Structure formats: C-alpha cells, structure tokens
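What follows is calculated from the coordinates using simple rules that are stated; it is not laboratory data. Keep in mind that this is a model prediction, so the values were computed, not measured. No Cβ is skipped: glycine too gets one built from the backbone with ideal geometry, and neighbour counts run over all protein chains shown.
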Amino acid sequence: MSFRATLKREVVLAWRRPAEIINPLFFFVMVVAMFPLGVSPKADLLSVIAPGVVWVAALLAVLLSVEGLFRNDFEAGALEQMLVAPTNLYVPCLAKIIAHWLLTGLPLVLVAPLLGYMLHLPEQASMTLFLGLLLGTPTLTAIGAIGVSLTVGVRSGGILLALLILPLYVPVLVFGAGAAAYAANGAPVEGLLAILAAMLLASLTLAPAAVAAGLRISNGG
Amino acid sequence: MACYTAAALKGTLVTELPLLETTDLYCERDDRVLFSALNWRAVDGEIWQVAGVNGAGKTTLMRILAGLHGFFDGEVRWPRWLAQQQDPRQHFLYLGHKAGLRDELTPLENIRWWTSLHGDTVDDAKIFPALACLGLAGYETVPCAQLSAGQKRRVALSLLWIMNKVVWLLDEPFTALDADGVTLIENRLREHAANGGLVIYSSHHRFDDAVRHVRLALGEVEVA
C-alpha cells in the first residue's frame, strides 16, 4: 500500500515541479551536442565515439538528477516520517527509486536513439543503444540512490556523491557502451545485454535495502 | 533492572506495565553532555513535557524516543509492547520539529501519503472534518506552499484527530500556532490522556498542573 501511495506521490510532485524532469534531459542533450562542436564534425570519427559519448552523458545526467532524490523530503521533515513509520522502509525506498527513474531516466532513454543518429551512430546499433540504456539507467538510479541516502544530510554533498558513486558506475558504463560499440561493428550483443539485465535485477532488489540502511545512518543512526 | 521475559512476567497483567521506561539514558553532543542518568517511567493517561533551555537536547531526546537517533547510552524500552512482542513504532505518532509537509502537495495529499506509510487507508471522510476542526476548511486542496507557517503546523497536527495511536511524541507542537490553536491542541492532548493515551511533548509551555515534566539542564536531569 505504501508502495502505490509513494509512487503516486512522486509522480504528483514531479508534475508540480517539472524542472526536475526537464533539466536532466536538457543537460543530456546539451552535453552530447557539445562533442561534434568540440571534437570534430567528421562522421567517421563521431560514429566511433558515439556509444561512449551518449553513455557518459546519460550517466552524468542520472548522477545530477539522483542527487535530489531525498533532499526535499529531508528538508521538509517528510523523510523523518518515513523513518518512524512502522512499515518496512524497503517499500517506499523501492517506490521512490522506480518513480525517479520513470520520471528522469526514461526520458533520457527515449531521446538517446535520436542523439545516436545525430552522432552518426550506425543504424544497426541504435536499438542496442536504446536497450542498453533501458536496462542500464535504472541500475544507475538504484546505485545512485545508495550514495544519496548516505549524503542526504551533508552540505554540498554533490561532489562527495560523485566520488562515492562514479566508481560504482564503471561496470554499467563498460557493458552498456561496449554493447552499443559491438552492435556498430555487427558483433553479437545478447551476452552484454544479459549482463546489464542481471545488474539491473540485482541492483533493483538489493539497493532499496541499502538505501533504507543509509537513510537511517545519515539521520542519526 | 526490570526484566520483561515471559517467565518474569508470569502473573503480571500486561496493562500494568509502563508504556515507556528509560534506564540510565545518557547522550552527548560535540563533547557536551546533554543529559545523563535519565531514569523515566511513563504510563498511560499521562502528559509529559520535555522542558529545558535552547540547546538542552529536547529534540534529541524526542528523536531518541521515536527511534530516530541512535547515538546514546542506556536503554529506552516500551515494556508493554515488548511483552506483547509488538513493534512499538506501530503505536507512535511522531511529529517532528519540521512540519513534514511537502510544499508542492496539498494538505490532503500530504496526509494521505503520511497515513499510507503507517499502513492505514484513511477515508477522506475522516480527513476533511479534522482539517475543518483546525480551521483549514477550504484549504484541503491548496498547495501547502500557499499556507502560512501556523497553518502548516495545523495541517501536521490534524493527524492527532486522524490517526489512532497510543503514544504521541510531539516536538514543539505549539510553534507558530495562535492562541486559539494552542487551546485547541491543549484540549486535544488532555482528551487523549483521558482516553488512556500517553502524550510526550517538548516545549517551554506548561499548560496544566497535571502535566509532568522532564527538565533537561545541561547534563542535569529532573523528572517530576
């Protein structure tokens, strides 16, 4: 019950404050758009770096947006209510992670093929890029949530969060960008996508427990 | 130390156990002792005021009781629920220092989420009269950002009418309230105690001679 209620609440909150959905999306598009300007507009070069560029930009956009996952609730005192409630904290934490991905991660996934096209990513790799991000970005959100739960009470915790979380993002980045690059070369990618799917399942089931523990620690044990 | 195992409790009625018992509670912050040797028993039907100067540790004590703050020595026990093997949090209503409301949401949405965390589905038919009783009729679907500090406090306090809990842990419940609001809440606290509930609130305001108090004075503790 608290799952549905929390999911619904998060959607309403995002609806009332649309900047939190739109900003990461713009950030993602802008960062990717910088590369042809800064590196080179040549199609053969861009098509090589495209998977990595899109993935790194998506990763940073997720990192940027996940930072606000608990901040407003912490400041308003609503987080305390989550912590004193008798229901298992795992449930609202899972709901918050899923809602956050639906509202900020999914839009990134949906525009990614377009950005791939902009960077001359070979057409046969478009689908893999999309699927990889579809499996990878929720993993990034779930892992990011663990870092946020630990830094929620810290002033200017943004840099600390990046230091904590970026190393943990590496496997997802390697397999995600790797899959798209493989697909661009016509190599089979099912194995890489399966590993991304496995990471998604593991992080989505385990992260909420870690987030719950992290929130208890950062709120005074 | 009192013992609450099944064997030791043989022949004792569960209702004879105190609701709250603390043993040698000790807490410090930044090398400053907030309170030490706090031995406190609270039973149903009592109203307790946690008093003390600013920075004396009132909020910290309230958070310890609510299970939010874990850095302390000594023990906090809820013997009755321990004996019944229940999670004491089921019986708490904790209202913190901050009102706990999100500005983007309306009072109705805030309260619905709040109660869902406690696993209750509260009928809107119960929320509307509670808000009306606190003078918030007509504000049910206005975002909380448009409410004044006192009105927000009233929204949070409406849970005293909505939720059915035994122990009320209220941190500075009278903050930002006007005189009418204070009287309203005082009466509600008396009513809850008369119905066998336990009220523990932190404030400088002692509204009744029957109110017992825990006074924190920089390391010294007075329970009376």
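Descriptive notes on the structure:
- Around B:Trp40: net Lys/Arg minus Asp/Glu count, Cβ-Cβ under 13 Å: -1
- Charge tally for A:Ala145 (other residues, Cβ to Cβ under 11 Å; Lys, Arg +1; Asp, Glu -1): 0.
- Magnitude of the charge dipole, chain B, Cβ model with Lys/Arg +1 and Asp/Glu -1, debye to 20: 140 debye
- Helix B:179-194 and the long axis of chain B differ in direction by around 50°, with both axes built from C-alpha atoms.
- Extending 7 Å from the Cα toward the beta-carbon at both A:Val12 and A:Leu160 defines two label points whose distance is 3.2 nm.
- Phi to ³J(HN,Hα) by Karplus 6.51 cos²θ - 1.76 cosθ + 1.60 over the stretch A:188-194, Hz, x for Gly, Pro: x, 10, 4, x, 5, 5, 5
- Estimated FRET transfer efficiency when R0 is 22 angstrom, pair B:Glu191-B:Phe128 (beta carbons, to 0.05): 0.65
- 10 Å Cβ neighbours from other chains, averaged over peptide A:137-149: 0
- Near the amide H of B:Val50, within less than 5 Å, lie the amide hydrogens of B:Tyr201, B:Ser202, B:Ser203, B:Val214, all on another chain or at least 5 residues away, with H placed in the peptide plane.
- Helix A:106-118 vs. chain A, principal-axis angle (Cα, 0 to 90°, nearest 10): 20 degrees
- For the protein assembly as shown, share of DSSP beta bridges that run antiparallel, in % to the nearest 5: 45 percent
- Averaged over B:116-129, number of beta-carbon atoms from partner chains that fall within 10 Å: 3
- Cross-linked pairs B:Lys58/B:Lys165; A:Lys8/A:Lys96; A:Lys96/B:Lys98; B:Lys58/B:Lys98: Cα-Cα separations exceed 18 Å for B:Lys58/B:Lys165; A:Lys96/B:Lys98.
- Helix A:2-16 vs. chain A, principal-axis angle (Cα, 0 to 90°, nearest 10): 60 degrees
- The fewest-to-most ranking of A:Tyr90, B:Tyr201 by surrounding Cβ atoms within 10 Å reads A:Tyr90, B:Tyr201.
- Over the protein assembly as shown, dividing the summed -39,500 (n - 2.57) contributions of all DSSP H runs of at least 4 residues by the number of residues returns a 222 nm mean residue ellipticity of -18000 deg cm²/dmol.
- With a simple spin-label model that places each label point 7 Å from the Cα along the Cα-to-Cβ direction, the separation between A:Ser47 and A:Val111 comes to 2.5 nm.
- Mean partner shielding of peptide A:65-75, defined as the number of other chain Cβ atoms within 10 Å of each residue Cβ, is 1.
- Length-normalised contact order for the stretch A:2-218 - Cα pairs under 8 Å, 6+ apart - percent: 27 percent
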